[in-house]
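Participant: The structure follows.
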């Protein structure tokens, strides 16, 4: 029972919603890794020890005229999906923002785990990667440890925001 004596439905519990958010984000991260395996296959870098330099990756992507805009639209759709699930995960803005941070961080970490399991890449956290194609630019070419570290901070901050809002509501 909660509040004025009404029973709390399972989806009203913060832990249940947080668990569903983790499940969705992890599944989406894995799916994202699978898609990138296909893209890497298209551009001839599926099973290599290292990632070519960013300009070479962009040249290969650009050699297939429809690939860059398709990939950019996938990136926009990914952010929209993470935002939508965050909107559904919590009733208040602060908790929704926390849910978005959790989703984004977990999605990104599972994405790299997926690439490692499926391709054996990255060989180390120091391996360079092209992080995003929106907008295309050299600042998106960074070592893998950077997005993983940022994702860890996002998850920790997100959980704090998500749960602190829930405690205030109770």
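Participant: For the chain, what is the mean residue ellipticity at 222 nm derived from helices alone (per DSSP H run of n ≥ 4: -39500 (n - 2.57); sum divided by total residues; nearest 500 deg cm²/dmol)?
Facilitator: -23500 deg cm²/dmol
Participant: Relative to 2.2 N^0.38 Å, what does the C-alpha radius of gyration of the range 40-79 come to as a ratio? Two decimals please.
Facilitator: 1.22
Participant: Then there is this: Compute for the range 15-169: radius of gyration divided by Kirkwood radius, i.e. Rg/Rh, restricted to C-alpha atoms, rounded to two decimals.
Facilitator: Result for the range 15-169 is an Rg/Rh of 1.01.
Participant: Also, I was wondering about something else. If I fit a long axis through the Cα atoms of helix 14-42 and take the longest principal axis of the Cα atoms of the chain, what angle between them do I get, 0 to 90°, rounded to 10?
Facilitator: Around 10 degrees separate the two axes.
Participant: Using packing as a proxy for protection, rank 113-126, 23-36, 56-69 so that the peptide with the highest average count of other Cβ atoms within 10 Å comes first.
Facilitator: Values: 113-126: 15.4, 23-36: 17.9, 56-69: 13.7.
Peptide ranking by packing, descending: 23-36, 113-126, 56-69.
None of the figures in this text is laboratory data; all of them are computed from the coordinates on show. Everything numeric here is computed off the predicted structure, so don't read it as measured data. Ideal geometry is used to build each Cβ from the backbone, glycine not excepted, and the neighbour counts take in all protein chains shown.
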